[in-house]
Every structure is written in structure tokens, then in C-alpha cells.
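So the structure is just underneath, and the comments pick up after that.
Here, each number is a calculation from the coordinates, and none is a lab measurement. Every value quoted in this text rests on a predicted model; they were computed, and no experiment measured them. Quick reminder, even Gly has a Cβ in these numbers, built from the backbone with ideal geometry, and neighbours come from all protein chains shown.
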Amino acid sequence: MSKKVVVTGGTGFIGQALVRRLVSDGHQVRVFDNDSRGSASRLKDILSDIDLVTGDIRNADAVARAMAGQDAVWHLAYVNGTEFFYEKPDLVLDVGVKGMVNVIDGCRKHNVAELIYASTSEVYQTPDVVPTPENVAMIVPDPTNPRYSYGAGKIIGEMLALHTATKFMEKVQIFRPHNVYGPDMGWEHVLPQFVLRMQALCQQSKADPLPFPMQGDGRETRAFNYIDDFIDGVMVMAEKGASGEVFHVGTPEEIAICDVAKLVGSYFGRSIEIVAQPLQKGGTPRRCPDISKLRSLGYTPKVMLAEGFPKLADWYVAHNHENPHRSDRS
């Protein structure tokens, strides 16, 4: 059944992919974003199929207007990227908490029936169980560490969704993305950074093996979820999942970061020697989701990292001239 759906943060990496799926499924989609982290250019080929509204998620009036006449909202607007967690924790919290309150108030004002909230694996940070199920404890290990601004804001968002929005809405769901990746995912994430660092090193040196500096010694693990698989997962959740539930969306393919670096080296036809550097305080040594709950609804990830990574790498090599962090850019 076709619905009127608003997607906050719809010009971001995950947001634009979700918008495309919703449009292709026949929904009427309104995108609400201020392009502070996204770009409307990501949707340029479907602009005639969507209602693009420019606004700040912290502006209660703007958010309420965007909710008018809508059946459902997918709330993705947030400040992502690890470097922002450390450098601008006040902004992360401002956008996260005010944004969620404004979305819920807008839904209440305009009788929006459904809310789907994008949380994060950072809400549980360093879990006791890996692969990690949805019922693991949510924690903020050290409130003085600005990194935890991101996870703390999402914890507040989950609590507001479960204990405020559920009081008046027909359907409320929460999904926690786990290391979603793909072409044009942004410049502040480990996979794009590895690709661009390796490209630069290959141009600078013919050493074999090629010294490759990275945070830590590479024993830390992650489970990377290709964007197409991820969107399949959240759509399965939205269609078949119960209200008031939390779902981990990702892949069970856990891989050490040193092996990711070797994969990047192989893409460029080079062997590497990892040069370990200090880790930023607050990272987690292992992260891999237990997706049994989503599997029970029919979700199965199809694209493993060996297949999905070259698609990402191809994009970043081709678009390196757009990198805002390049030293030769004015």
C-alpha cells in the first residue's frame, strides 16, 4: 500500500538509498534535510519524484511543517562521522536530542501513525557478547569522552521512541545499522580513508611491502554491511517486524581491520606492512551484530566485503578530486 513518507536526513548516504527504495516501491516521499552532512545532488536524478524540503532538524516549526499530511516518518537526521564525535560533541547532541524531540512533537501534532528511528551500534559500545543481540545493555562508558556524544544521543533517541512515541503512534520501530558502506558514503569513514591513503602511498612509494600506517595494530574487528543489503534489511523490518521492537541490521561476517587493510592493498596490487599507531580513546575492539531476529523475518545479507569493497574503491578512486581533505585543494 502506498504511503506518504517523510525521510529526515534523506540526502545522506543511507538516507538517499532509502529514499530511492521507497520511491521505487511506490510511496510518496518527502525528504527533509539541510545538506549539512548530505547533498541533494545524490538525488538529482529523482528530484521530480520526491518533495525535497530544506530545513534544520533542530527547528521545531520546520520539522512540524514537514510532518503535515504524512503517514510515516523515517528519522535518520544526525551528525555522523567519528571525527565529528570528538571535535563537535555539542553539535552531535544538539542535533540528536532536539531533532528527536521535534520529530515526535511533529508526529503528535499531525497524527503521523508510524515512526522508524535510525539508531546505532554505538549505543552498546563494547559489548560482553559478540555477535551482539538487541537486548545487550546500552552504556556510556565515560561521559567525559566526547566520542560518546554520538552513542549517548542515540540512547536518548531510543528511549524517546520506545517510551514517548509509542504512547500515541500505531507503529514505532528502531534499527541499529552496523558499519554500512558503499560508494559515496562520505569521506570520514575507515574504508574510504583506507582507499585514499593507499592510493596516495602507491603514488609516493614503490616499496614492497608498502608501509601502511593505521590506528591500532589491526586486530580490532568490524562487520561491514553493503548498502543494498542494508536497505533490504530495513525494508524487511518495516514490512514484517513488530512495533516497539529494536532490530540489528548488518552482516555476521566479522573481519579484522588488518585484513581490511590487506584487501585494500590487493585492490591496488600491493602487499602491505601495517605500521601501528595509537588508537583514539573510546573505540571498541570487536563489533559484529547478531542478526537472528531479522533473519527470522526473512532477511539474508548477500554481498560480502570481498564483493562490495571494490565497488566502493572504484568510486573513491574515480572521485578523489572531490575529496575535501586533499592537501592540494584550496
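Please give me the summed charge of the neighbours of Glu307: other residues whose Cβ is under 13 Å from its Cβ, Lys and Arg +1, Asp and Glu -1.
Neighbourhood net charge equals -2.
Normalised by the number of residues in segment 98-226, what is the relative contact order in percent for Cα pairs under 8 Å and 6+ residues apart?
Computed value for segment 98-226: 29 percent relative contact order.
Do the sum for the chain: with -39,500 (n - 2.57) for every DSSP H run of n ≥ 4, divided by all residues, what is the mean residue ellipticity at 222 nm, to the nearest 500 deg cm²/dmol? Don't skip to the end; give the middle numbers.
Details: 11 runs with 116 residues, N = 330.
Per the formula, -10500 deg cm²/dmol.
Hey, what did the chain get for relative contact order, percent, Cα under 8 Å, at least 6 apart?
17 percent
Order of Asp35, Asp232 from fewest to most other C-beta atoms within 10 Å?
Ordered by Cβ neighbours within 10 Å, fewest first: Asp35, Asp232.
Long-range amide H contacts for Leu210: which residues qualify at under 5 Å (H placed 1.01 Å from N, peptide plane, sequence gap of 5 or more or a different chain)?
Close amide H contacts, sequence-distant or interchain: Ser271, Ile272, Glu273.
For an R0 of 35 angstrom, estimate the FRET efficiency from the Cβ-Cβ distance between Asp90 and Ser24 and round to the nearest 0.05.
Working: r = 38 Å, r/R0 = 1.08.
Calculated value: 0.40.
So for the chain, taking the charge dipole from beta-carbon charges (+1 Lys/Arg, -1 Asp/Glu), which of Thr120, His189, Ser2 sits furthest toward the positive end?
Most positive-ward Cα: Ser2.
How much of the DSSP beta bridge set in segment 141-271 is antiparallel, as a percent to the nearest 5?
Details: 2 of 9 bridges.
The antiparallel proportion sits near 20 percent.
Antiparallel DSSP bridges in segment 1-73: what percent, to the nearest 5?
0 percent
Fewest to most neighbouring Cβ within 10 Å: what's the order for Val180, Val317?
Ascending Cβ contact count within 10 Å gives the list Val317, Val180.
Ordered by residue, what ³J(HN,Hα) values in Hz, to whole numbers, does segment 184-192 give under the Karplus form 6.51 cos²θ - 1.76 cosθ + 1.60, where θ = phi - 60° and Gly and Pro are x?
For segment 184-192, the Karplus-derived couplings read 6, 8, x, 10, 9, 10, 4, 5, x Hz, x marking Gly and Pro.
To check you understand DSSP bridge types, tell me what percent of the beta bridges within the chain (both residues inside) are antiparallel, rounded to 5.
10 percent
Pull up the cross-link candidates among the lysines for Lys171, meaning alpha carbon to alpha carbon under 22 Å and not fewer than 8 places away within one chain.
Lys3, Lys4, Lys98, Lys109, Lys154, Lys240, Lys293
Along the charge dipole of segment 55-158, which of Ile139, Gly106, Ser149 sits closest to the positive end, that is, farthest toward it, with unit charges on the beta carbon of Lys, Arg, Asp and Glu (+1, +1, -1, -1)?
Farthest towards the positive end: Gly106.
Once you have the Cα-Cα distance between Ser48 and Lys206, take 0.36 nm times their residue separation minus that, and quote the gain in nm to one decimal.
52.0 nm
Relative to the longest principal axis of the chain, what angle (0 to 90°, nearest 10) does the C-alpha long axis of helix 13-24 take?
Result, in degrees: 50.
Give, rounded to the nearest 20 debye, the magnitude of the charge dipole that the chain has about its Cα centre when Lys and Arg contribute +1 at Cβ and Asp and Glu contribute -1 at Cβ.
The calculation lands at about 200 debye.
List the lysines whose Cα lies under 29 Å from the Cα of Lys262, skipping any in the same chain that are fewer than 8 positions away.
Here the lysines satisfying the reach criterion relative to Lys262 are Lys206, Lys281, Lys302, Lys311.
Size of the dipole of segment 187-281 about the Cα centre, Lys and Arg at +1 and Asp and Glu at -1 on the beta carbon, nothing else charged, in debye to 20?
Using only the charged Cβ atoms, the result is roughly 460 debye.
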